[in-house]
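Notes for the one structure printed next.
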Amino acid sequence: MFKTYDDLKEFIQENEIKMIDFKIVTISGKWNHLSIPASRLSEKVFTDGIGFDGSSYGYAVIESSDMVFIPDLTTAFVDPYCEVPTVSMIANIYEINKKFDRFEGDPRYIAEKAEKFLKESNIADEFIVGPEYEFYVFDHISYNVDSNRQAVDIDCFEAHWNTSAENNQGYKVRFQGGYHAGLPYDSTNDLRSDMCLRLEEMGVPVKYHHHEVGSAAQVEIEVELGEMLKMADATLLAKYVIKNTAMLHGKTATFMPKPIYGEAGSGMHVHMLLKKDGHNIFFDENGYSGLSKEAMFFIGGVLKHAPSLLAFTNPSTNSYKRLVPGFEAPVSICFATSNRSSVIRIPGYAKNPEKKRFEFRSSDGTCNPYLAFSALLMAGIDGIINKIDPVKEEYGPYDVNIYDLSEEEKKKIKGLPKSLDEALDALKGDYGYLLRGGVFTKQFIDSWINYKYNKELVKINPVPTPMEFQMYYDV
């Protein structure tokens, strides 16, 4: 929004801004924030930064946790969710040392290094991505995890289970029947329009929005493609807008991959292409589905490293409750055209040479977008460098429904990890491609694995579920 500090100061004065808010990315991909009165803002904030506790963000140990963040002026926006006039901006993380260096584990810095490495490789100038945001909108959510009670209670006005509710006017979305549902079934249409208009005002172009398959107000907002770092920023901004706008409408939005048993899960498909000198290098009219050899090698790299990639693109235990057979979420490591059961799908409708691309379909909204997009790029670059041919590697193309193949044919296709434990184990044995150009560091990868094991798996794995009582109580 701003190029210089003077631009910011002028805007603050002309628009009577009272607070300046700084948003800092945690290791898991959430925004924490700190605010100061606008009257206290000085240029020193953009040179010396503001100190904070890095251990609370997952970046450091308690005994050595002092870090500094410095805001990025170009990411500023007027925050519509603050009653007091506020300008918010994303901050970069620095280590406190003699050189005052960028912190190697800052997700934004990892994304910057990935973009830099792409240019230095001379493969391309830009990694263009387009995420699709799928999420559920509920009217009520409550949960409890205690020694004597583990429970979740969800409600949604339009859901199929409310056909017999009191004060009911009908028009409930049928189970698994919500794709592109129209009014009056689509109860969150105006809410999504509000979300999209707010995103547009904040500089995030929206392609469209619609109801998704899930009955209980599963919906999608898809944005236009853009440069990787900007789209990672836009993803956190989109989640911020979606969640806060839902709250303003008396609703609650969740990006959990599988919040409802039996219903469709929510993914965050990532469309991608590479540009060099302003042109898409993924297009070749004579190639399979119009893809160039660089695009095919990129696909080969992503598929080869898919098991370890999932540690970043699907980094929650809930991710793997979505990646099960029978739904549109993929479970097999393969590629195809117009096939939603494959990990990589080439959209059949993308005919424009400058928009020829493919999408990675397993990823979901629990990912840190800076890490997920960077890991996908590094896997693709590895494929191009090593000329990994996905056809020769027997990853496809499978232009059939994978779930309809015979058991013998299915056995020929490698499967994605079935749990977060498996994905983390895969990352332990396959991370070299991430280290090129110093994009990821071994220290960061080890920290990520330890964080996931010690902060999440250790907490989640020991907890019994209601299904286990149903299955085993009477043994």
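Could you please find all residues in region 211-245 being among the small types (Gly, Ala, Ser) and either surrounded by fewer than 22 Cβ atoms within 10 Å (Cβ to Cβ) or more than 24 Å from SER142 (Cβ to Cβ) (or both)? Break it down stepwise before answering.
Let us first name the residues in region 211-245 that are among the small types (Gly, Ala, Ser), namely 214-217, 226, 232, 234, 238.
Within region 211-245, GLY226, ALA232, ALA234, ALA238 qualify.
From ASP155, ASP186, ASP190, which residue is charged (D, E, K, R), loosely packed, with under 14 Cβ neighbours inside 10 Å and without any contact (Cβ under 8 Å) to a residue 60 or more places away in the chain? Before you say what the answer is, go through the steps one by one.
Numbers: ASP155 fails: loosely packed, with under 14 Cβ neighbours inside 10 Å; ASP186 fails: loosely packed, with under 14 Cβ neighbours inside 10 Å.
Result: ASP190 is the single residue among ASP155, ASP186, ASP190 that is charged (D, E, K, R), loosely packed, with under 14 Cβ neighbours inside 10 Å and without any contact (Cβ under 8 Å) to a residue 60 or more places away in the chain.
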If you check PRO417, PRO369, PRO390, which single one turns out to be surrounded by 24 or more Cβ atoms within 10 Å (Cβ to Cβ), more than 21 Å from the chain's Cα centre (by Cα) and at pLDDT 95 or above? PRO390
Could we say that GLU222 is touching a Lys or Arg at 6+ places or on another chain (Cβ under 6 Å) and modelled with pLDDT of 95 or more here? yes
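Quickly run through region 35-48 and pick out the residues that are surrounded by 14 or more Cβ atoms within 10 Å (Cβ to Cβ) and not in a loop (DSSP other than H, G, I, E, B). Show your work before the answer.
Step one: of region 35-48, the residues surrounded by 14 or more Cβ atoms within 10 Å (Cβ to Cβ) are 35-36, 38, 41, 45-46.
Selection gives SER35, ILE36, ALA38, VAL45, PHE46.
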Subset of region 194-232, residues over 30 Å from ILE154 (Cβ atoms) and part of a helix (DSSP H, G or I), comes to GLU200, GLU201, MET228, LEU229, LYS230, MET231
Any residue at all in region 80-94 that is touching a residue at least 40 places away in the same chain (Cβ under 8 Å), over 24 Å from THR245 (Cβ atoms) and not assigned by TED's automatic domain parsing to the domain that holds ASP186? yes
On the basis of being surrounded by 24 or more Cβ atoms within 10 Å (Cβ to Cβ) and in a loop (DSSP other than H, G, I, E, B), does MET268 make the cut? yes
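If you take the residues in region 109-126 that are within 21 Å of ASP446 (Cα to Cα) and touching a Leu at 6+ places or on another chain (Cβ under 7 Å), which one is surrounded by the fewest Cβ atoms within 10 Å (Cβ to Cβ)?
Taking the candidates together, the pick is GLU112.
Would you mind finding the one in ALA311, ALA253, ALA295 that is in contact with a helix residue (DSSP H, G or I) (Cβ under 6 Å, 6 or more places away or on another chain) and over 26 Å from CYS196 (Cα atoms)?
Working: ALA253 fails: over 26 Å from CYS196 (Cα atoms); ALA295 fails: in contact with a helix residue (DSSP H, G or I) (Cβ under 6 Å, 6 or more places away or on another chain).
That would be ALA311, the only listed residue that is in contact with a helix residue (DSSP H, G or I) (Cβ under 6 Å, 6 or more places away or on another chain) and over 26 Å from CYS196 (Cα atoms).
Out of the residues in region 309-337 that are of a type in the set (Val, Ile, Thr) and not in a loop (DSSP other than H, G, I, E, B), which is nearest to SER266 (Cα to Cα)? Give the steps one after another, and end with the answer.
So the first thing to find is which residues in region 309-337 are of a type in the set (Val, Ile, Thr), and the list is 313, 317, 324, 331, 333, 337.
Those still in the list that are not in a loop (DSSP other than H, G, I, E, B) too: 313, 333, 337.
Details: THR313: 13, ILE333: 19, THR337: 21 Å.
Looking at residues that are of a type in the set (Val, Ile, Thr) and not in a loop (DSSP other than H, G, I, E, B), I get THR313.
Can we say VAL439 is among the β-branched types (Val, Ile, Thr), out of contact with any Leu (no Cβ under 7 Å at 6 or more places or on another chain) and exposed (fewer than 14 other Cβ atoms within 10 Å of the Cβ)? Reasoning before the result, please.
On the way: among the β-branched types (Val, Ile, Thr): yes; out of contact with any Leu (no Cβ under 7 Å at 6 or more places or on another chain): yes; exposed (fewer than 14 other Cβ atoms within 10 Å of the Cβ): no.
So VAL439 does not fit the description; no.
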Select from region 275-288 the residues that are crowded, with 19+ Cβ neighbours inside 10 Å and touching a strand residue (DSSP E or B) at 6+ places or on another chain (Cβ under 6 Å) and write down the one among them that is nearest to PRO315 (Cα to Cα). PHE282
Is at least one residue of region 13-21 within 30 Å of SER319 (Cα to Cα) and either surrounded by 12 or more Cβ atoms within 10 Å (Cβ to Cβ) or not hydroxyl-bearing (Ser, Thr, Tyr) (or both)? no
Return the residues of region 7-25 that are among the hydrophobic types (A, V, I, L, M, F, W, C) and either within 11 Å of SER88 (Cβ to Cβ) or part of a strand (DSSP E or B) (or both); say none if nothing qualifies. ILE17, MET19, ILE20, PHE22, ILE24, VAL25
Can you tell me which of (1) within 27 Å of ASN244 (Cβ to Cβ); (2) at pLDDT 95 or above; (3) not aromatic (Phe, Trp, Tyr) is the one ASN162 doesn't meet? (2)
Yes or no: region 283-298 includes at least one residue that is part of a strand (DSSP E or B) and closer than 25 Å to TRP448 by Cα. no
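For a quick check of your reading: which strands (runs of 3 or more DSSP E) sit entirely within region 108-165 and have at least 1 residues that are β-branched (Val, Ile, Thr) and within 30 Å of ALA91 (Cβ to Cβ)? I'd like the intermediate steps shown before the answer.
Details: elements: 126-138, 140-146, 149-155.
Correct list: 126-138.
Listed here are the residues, each with its yes/no results for (1) of a type in the set (A, V, I, L, M, F, W, C); (2) within 19 Å of GLN176 (Cα to Cα); (3) crowded, with 24+ Cβ neighbours inside 10 Å; (4) touching a Cys at 6+ places or on another chain (Cβ under 7 Å).
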residue	(1), (2), (3), (4)
PRO325	no, yes, no, no
SER338	no, no, no, no
ILE346	yes, no, yes, no
PRO353	no, no, no, no
LYS356	no, no, no, no
GLU359	no, no, no, no
Only one of these conditions is not met by LEU197: (1) out of contact with any helix residue (DSSP H, G or I) (no Cβ under 6 Å at 6 or more places or on another chain); (2) in contact (Cβ under 8 Å) with a residue 12 or more places away in the chain. Which number is it? (2)
Return yes or no: is GLY262 surrounded by fewer than 17 Cβ atoms within 10 Å (Cβ to Cβ) and either part of a loop (DSSP other than H, G, I, E, B) or in contact with a helix residue (DSSP H, G or I) (Cβ under 8 Å, 6 or more places away or on another chain) (or both)? yes
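The values are calculated or read from the model by the stated rules, or taken from the named source; none is laboratory data. Not measured: the values here are computed from a predicted model. Virtual Cβ from ideal backbone geometry, glycine too; neighbours counted across all protein chains shown.
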